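Please read the structure below before turning to the comments.
FYI, it's all coordinate maths here, none of it is from the lab. What you see is a predicted model; the values in this text were computed from it and never measured. Methodologically, a virtual Cβ is constructed for each residue, glycine included, from the backbone with ideal geometry; neighbour enumeration extends over all protein chains shown.
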Amino acid sequence: MNFVFNVDFNIKSAYNKKMLYKIIIENFFSIADRQELTFEVPANAPDLACFKLSRSNQKTRLPVVVGFFGSNASGKSTIMRAVVSAAIFACHSFDWVGQVNNLFQPYRQKDWWGKPTKITIEFDSQLSDSDPSAIFRYELHIGHQANDLGNKVVLYEALSYAPKGKFRHLFEREDQQFHFGREFDIPGANDPRAQSIRPNASVISTLAKLNHPLSSYLSKVIGALQTNIIGVYKIQQNVNQFLSIYVNDKNCLDRLNKELRRLDIGLESMTIEQGSQGPFAKFQHAGLDGFIYFDEESAGTKRFIEIFPRIHYALETGGIVMIDEIDTDLHPLLLPELFRWFCDPEHNARGAQLFFTAHNPGLLDDLEKEQVFLTEKPSGQATHVYGARDIKGLRREPSLMRKYLAGELGAIPRIG
């Protein structure tokens, strides 16, 4: 596929304020059988800064940082892509006619080609700005045709929420049959707006386009996800695009400069000026008489500048940020500092969550076992996902890295 998405998720949004509870994935790229990931921290786990109380249930704790580890091509990115693809579908499928095919593909064995892709996401949010937080569940089943994998239709779609502990449907859809809950404020399936929902488009995306107030709100809530991946692609931003973020938000630029001075020895400031080809960055380093330009900076500094707005806005608004291959080009001592931002109640007063994939096993020693998920994909088989906390007999050791490298956690490359 040579397709590249031109749509980026909201960089800054007032509609974040949500945390992930659970992800269920079936028949999606390298995943075949149902894989269920639950992030709720067990009651017997100690009270640590990396665990935060849920907004919706004060008896539930969730990790503020979650890492996925495993060998190359084991399915780490696939987990995050499932969440992002479901969110994109809910928010953008009405406009992305034909492009939905790139978001959902079945496991590439013929026995799975005719089976649906199923994704379920549970998260906390609000039905409106004035309502209390509740757990929401978005379920999506995408149908494939075994002889035409480019032809996708919705077999099932539902959004439920649990304001008093028990889930009830805001809407439920089976094929082109629709049922709407009272809170959704659509009189019935014969409403002209419901008749406009295509077989390859989301209820939420379609009704938001038709100015249905709750769908418009939910589209912004679900779409307020910070990420550097869309489908099977990394978001490709040229320098002008992410420098424009700093041009338009002085607070973000000031915060970046503060962190750069702490993390990059000798770097005093980044300033942005307008040139004939758009904005360009200049860096002032201690002891140098002239500026250094963006292309001359280290790969690590450039990478940090690129991903910083996503992390900054998640922390600022209490949202979710998903960074694929977070350890690319960044010094291993920098990443634990990013993790500390999410664990620090002053940095993360609103309860943002960071999900990432990485290969660097050294990061395991900065995480608790409830924060670590591992992926395995033996030769000729599908992806299997499990939490480190699910490994029988795994104690709360000071070095998960040592156990991982010794093969006690699994999910390590088998070479030869």
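Per the Debye formula on identical point scatterers at the alpha carbon atoms of region 164-226, with no solvent, log10 I(q)/I(0) at q = 0.15, 0.22, 0.24, 0.25 Å⁻¹ is -0.46, -0.94, -1.09, -1.16. In the chain, taking the dipole from charged Cβ atoms about the Cα centre, the farthest positive-side position among Thr206, Tyr156, Thr78 is held by Tyr156.
Stokes-Einstein diffusion for region 153-284, with the hydrodynamic radius set to the Kirkwood value over Cα pairs and evaluated at 25 °C in a medium of 0.890 mPa s, equals 131 µm²/s.
Against the main long axis of the alpha-carbon atoms of the chain, helix 76-92 sits at an angle near 60°.
The convex hull of the Cα atoms of region 237-339, projected and averaged over all directions, covers 6.8 nm². Around the Cα centre of region 16-83, unit charges on the Cβ atoms of Lys, Arg, Asp and Glu (plus for the first two, minus for the last two) sum to a dipole of about 360 debye.
Counting neighbouring Cβ atoms within 10 Å and putting the fewest first, the residues Thr301, Thr227, Thr117 line up as Thr301, Thr227, Thr117. Magnitude of the charge dipole for region 265-330, about its Cα centre and with charges confined to Cβ atoms of Lys, Arg (+1) and Asp, Glu (-1), is about 180 debye. Shown for Tyr293, Tyr246: other C-beta atoms within 10 Å of each C-beta, ranked fewest to most, produce the order Tyr293, Tyr246. On the principal axes of its alpha carbon atoms, the chain extends 71, 56, 46 Å, with the longest extent given first. In the chain, helical runs assigned H by DSSP with n ≥ 4 each contribute -39500 (n - 2.57); averaged across all residues and rounded to the nearest 500, the mean residue ellipticity at 222 nm is -7000 deg cm²/dmol.
Taking one quarter of the surface of the convex hull spanned by the alpha-carbon atoms of region 15-169 gives a direction-averaged projected area of 10.9 nm². Relative to the dominant Cα principal axis of the chain, helix 213-223 is inclined by about 40°.
For the chain, the longest principal axis of the C-alpha atoms and the axis of helix 299-317 are separated by about 50°.
Here's the picture: charge each Lys and Arg Cβ at +1 and each Asp and Glu Cβ at -1 in region 271-399, and of Leu335, Gln277, Phe355 the one pushed furthest to the positive end of that dipole is Phe355. Placing unit charges on the Cβ atoms only, positive for Lys and Arg and negative for Asp and Glu, gives the chain a dipole magnitude near 960 debye about its Cα centre. Give the Debye-formula value of log10 I(q)/I(0) at each listed q (0.13, 0.17, 0.21, 0.23 Å⁻¹), with one equal scatterer per alpha carbon of region 314-416, two decimals each. For region 314-416 at q = 0.13, 0.17, 0.21, 0.23 Å⁻¹, log10 I(q)/I(0) is -0.54, -0.89, -1.23, -1.36. Highest-first packing order for the peptide set 277-288, 157-168, 30-41 is 30-41, 157-168, 277-288, based on the mean count of other beta carbon atoms within 10 Å.
One quarter of the surface of the convex hull around the alpha-carbon atoms of region 80-127 equals 4.5 nm², the direction-averaged projected area.
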